[in-house]
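The structure appears right after this line, and notes come after that.
Just so you know, all these numbers are worked out from the coordinates, no wet-lab data involved. Quantities reported herein were computed from a predicted structural model and do not represent experimental measurements. FYI the Cβ positions are ideal-geometry reconstructions off the backbone, even for glycines, and counts take in every protein chain you see.
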Amino acid sequence: MTDPATPGTRVTRDVRGVGVRTIEFVHEAWGAFVDWFNALQLSENAVLLAFGLATGVLAALGVVLFYKSIDAAFTVFYRLPAPYVPHIVFLFYRPVVTAAGLLIAWWIMQKLGRAYEGMNVPDVQLAVVRRGGDLPTRPALARTAASAVTIGAGGSAGSEGPVVVLGAALASWLGRTFRFAPDRVTVLVACGSGAAISAAFNAPLAGAFFALEEIAGTLTGASFPPVVVASVIAAVVSRSVFGNHPAFPIPHQYGSVSVAELLVGYPLLGIVAGAMSALYVRAYFGAGALERRLRVPRWVVPIMGGLVIGAMVYFSGGRLVGFGHLAVQVDVFGQMAWYVLLALALGKIFVTVTTLNFGGSGGVFTPSLFIGAATGGAVGVVLSHLFPAVGINPAVYALVGMGTLIAGATAAPITGILLVFEMTNDYALVAPLMVAVVICNVVARWLEKDSLYSGWLRRRGETIEHGADRDVLAALHVIDAYEPHPTIIDEDTPVEELVPLLGRSEQTYFPVVSEDGIVIGVITIADIGQVAAGRFGLDTLLLAADVVRPSETVLPSDSLLEAIRKMGVRGVAALPVTDHLGRLRGLISRSHVLSAYDAGVARAMALHGNHSAHGSAEASAPEPVG
């Protein structure tokens, strides 16, 4: 036994002490720098733009590393052994390798990822709404590694989910490192998500609008400039590594689309794609329910799934998955028989839901492109046989089907349209895309109310759509937010007396009431501006009742969700609050709703933090043996 007082022990302790002191010094120095930086009180726009740029670079480098990891896994599993494995042995080799890959991916998430449930696009949405953009780094890195192994081993999963999580986690880490407030961190998380999509698909527009549509939940406000900057710089970095080509190579532009196809062909595609989207969503959650009912050890589940997936991919000639991070060529979807394409679409749904629910990791977005291409190609082939004189090109239907399935399966219509447009650079496809996407979205939500993202959240007791927590808005009421003493206008007020309101009131909507206090409508600040400009002639005989606008009203007991819906119906920013008899009680505006929403989210985050603390304590307890 070594004597603690020996020189060797003292040297070891000295070295360790130096290391600890060095870490403490670096930590203190960094803290001092962050304090100095935050004390500069720089413009919010300048900070967001600068950190949006930095986030875009980090996210793009993360995508590059992830794609290289997939290629490395594919090389280890397939390319290196290929010379030593006879072709006939691949009948058994691929299922075994895929099973091994799913088992490794499952182990990575259980051990390195600490069995963290989530680390997908809905979890990023949840982090933005409930946790102030806080995404743990270690589970995100584990999910990235598990996804690389899953895809490289031949599992059917998308690359977009892991890269969105990785980009968002890097942005969250950057924001927390600089001790930013939660609202600023959430903007950076949206930047990281959009930059990841942009770099992965070489589609900066689609990446930006994916982040704004799905993560930030708004197309306006402070999020827009930094998200766009992050997406553009991410595309530049990605192109410098992979070249300026789309994820799905398009051989040529397809030209114009006939009116007959716009009126018949693409609406039909929207209906079929809507039904396929609903099937995809139900199959995904159905496979998850089936996996939970299996009475086998958890480590056996990925082996079972991998064997089935590997066998199906082998018998499909490898068409159901790509090679490394490379995608299947789109043009082949216009050259097969319709029943083969339909079988590929259904087969892709099966192997994808099995991969993601039986131990594998990855996203659902990229498989949606494959399913949509096969579905669209099948519809195009059928129509080309039924109407040979029209000159229908099935490959165009395959392309439109990609964006259409994205819209139906993930409820991201703008992203679906822009993604295909950026992949083709063919503006002629925008019109059929818009027709098919709108119809697909309606049909999909009619058949299945959940999307792949909202369904994951709803099954965990969350109701978040496009970055907004509907539960918070539904739980709050107008009485919690409205202004009870707004400036009002009597209906018999002469119009020239309205002009002074321009200078002395911050309101933009003024309720107009009758003699007994009944609301008859509103007059806007724009209307008063027209009065000041002499549009109404400043005639003393012209009264407020003559220029009033009709308006929706809300009750104090109505939810804020209902108030926002009514504002949207009229396209207005404020509504009068009345009692059941129509008498004025106050005014509620979008700013009132947002303030109440922010307070509600803060309370929900605090409550979630308490639950998480209890959950972490429970999770740290050892599992019972057996």
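Numbers for the structure displayed
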read-out: Full-extension gain in nm, Tyr427 to Trp446, via 0.36 nm per residue minus C-alpha separation; value: 3.9 nm
read-out: Gyration tensor (alpha-carbon) shape descriptor, the range 151-223, a/c threshold 1.5; value: oblate
read-out: Spacing of the two label points (7 Å from each Cα toward its C-beta) at Arg293 and Leu594, in nm; value: 4.7
read-out: Gained length - Asp546 relative to Leu91, 0.36 nm times residue gap less alpha-carbon distance; value: 155.6 nm
read-out: Length released on extending from Val264 to Glu562, taking residue separation times 0.36 nm less the Cα-Cα span; value: 103.6 nm
read-out: Pair His580, Phe387: separation of 7 Å Cα→Cβ label points (nm); value: 5.6
read-out: Spin-label model distance (nm) - Ala337 vs Gln110, 7 Å beyond Cα toward Cβ; value: 4.3
read-out: Nearest-0.05 FRET efficiency for Tyr84 and Trp30, computed from C-beta distance (R0 30 Å); value: 0.05
